[in-house]
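Undergrad: Okay, handing you the structure first.
Derivation of every value follows stated rules applied to the coordinates shown; laboratory data play no part. Worth saying up front: this structure is predicted, and the values here are computed from it rather than measured. All Cβ positions, even for glycine, are placed from backbone atoms using ideal geometry, and neighbour counts span all protein chains on display.
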Amino acid sequence: MVRLNLLPWRERQRLAAVRRFQRGLVVSLLFALCAVMVLDHMARQRGLQQASRIAERQAGLAQLDVQLESLAQLRQARERTLAQSAALAALRVDQGVLPRLFAELERALSAGLQLTDLSLQDGQLELTGLAASSAVVAQFMRELQQSRLLEGLELKQIKAHSQGDEFLLLARLPALSK
């Protein structure tokens, strides 16, 4: 069945409106495509800029890590140096103790008394010797008790031998036990 259009100008208007709509749609699609391409290009540029900034910051962080590592090494070296300095200071403080101890021992030694062994470990002094009698050992102990260097002087053992009395004295040397 064929339709007859009694008003051809209406048909032409309708076709013109369809063509305008199609052209508008195509132009809109082209604009949308261009906008998407521009936005994509801008997003890619921003991504590249961010990647370059990230790379720069990572390079800066790597330099800071190197500096931190060298700083940590310097701190460790400083701590070792401070520890050595403290140890040297302690030795310097203690360097006068042993000569004073020997002077005190020499002052306290009397005739008839002979020291055979002297050992000092961790502030603990052990004196071993041979005395003519136990009275000489008692006199030696009284002389040592007057010393300000020794604390806790005690007679650990005494044995009688044909040459004399062998004795063992213990004392603390507080100046060296720190």
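Undergrad: What FRET efficiency do you get for LEU82 and ALA138 if R0 is 35 Å and r is their Cβ-Cβ distance, rounded to the nearest 0.05? Numbers along the way, then the final one.
TA: Numbers: r = 48 Å, r/R0 = 1.36.
Efficiency for this residue pair is about 0.15.
Undergrad: Something else: Calculated from DSSP H runs of 4 or more alone, at -39500 (n - 2.57) each and per residue, what is the 222 nm mean residue ellipticity of the chain, nearest 500? Present the calculation step by step, with values, prior to reporting the outcome.
TA: Details: 3 runs with 111 residues, N = 178.
The helix contribution divided over the chain gives -23000 deg cm²/dmol.
Undergrad: Can you match Kirkwood radius over Cα pairs in Å to one of these, (i) 26.1; (ii) 16.5; (iii) 17.2, based on a calculation from the structure here?
TA: Read-out taken from this structure: (i).
Undergrad: Inverting the mean 1/r over all pairs of different Cα atoms, compute the Kirkwood radius of region 9-95 and quote it in Å. Don't skip to the end; give the middle numbers.
TA: Details: mean 1/r = 0.0493 Å⁻¹.
With all distinct Cα pairs of region 9-95 included, I get 20.3 Å.
Undergrad: Based on Cβ point charges of +1 for Lys and Arg and -1 for Asp and Glu, what charge dipole magnitude is obtained for the chain about its Cα centre, in debye rounded to the nearest 20?
TA: Details: 23 positive and 17 negative charges, 663 e Å.
The calculated dipole for the chain is roughly 3180 debye.
Undergrad: Evaluate the relative contact order of the chain (contact order divided by residue number), counting alpha-carbon pairs under 8 angstrom at least 6 apart; express in whole percent.
TA: Working: 143 pairs, mean separation 27.1, N = 178.
Across the chain, relative contact order equals 15 percent.
Undergrad: About the Cα centre of region 34-105, how large is the charge dipole given +1 on each Lys and Arg Cβ and -1 on each Asp and Glu Cβ? Please answer in debye to the nearest 20. Don't jump to the answer; show the numbers that get you there.
TA: Details: 9 positive and 7 negative charges, 38 e Å.
Once rounded to the nearest 20, the dipole reads 180 debye.
Undergrad: On the principal axes of its Cα set, how long, how wide and how thick is region 34-84? Give whole Å, largest value first.
TA: The Cα atoms of region 34-84 stretch 74, 9, 5 Å along the principal axes, largest first.
Undergrad: Taking the convex hull of the Cα atoms, report for region 97-172 its projected area averaged over all directions, in nm². Please list the in-between numbers first.
TA: Values: hull surface 18.0 nm².
Here the figure is 4.5 nm², rounded to one decimal.
Undergrad: Restricted to Cα positions, what overall size does region 55-99 have along the principal axes? Three whole-Å values, descending.
TA: Extents along the principal axes: 66, 7, 5 Å.
Undergrad: Could you work out how far apart the two model spin labels at GLU69 and VAL97 are, taking each label as a point 7 Å from the Cα in the direction of the beta carbon, and quote it in nm?
TA: 4.3
Undergrad: For region 54-147, would you read off the P(r) tail past 19 Å as a percentage of all alpha carbon pairs?
TA: Numbers: 2795 of 4371 pairs.
Beyond 19 Å sits 64 percent of the P(r) for region 54-147.
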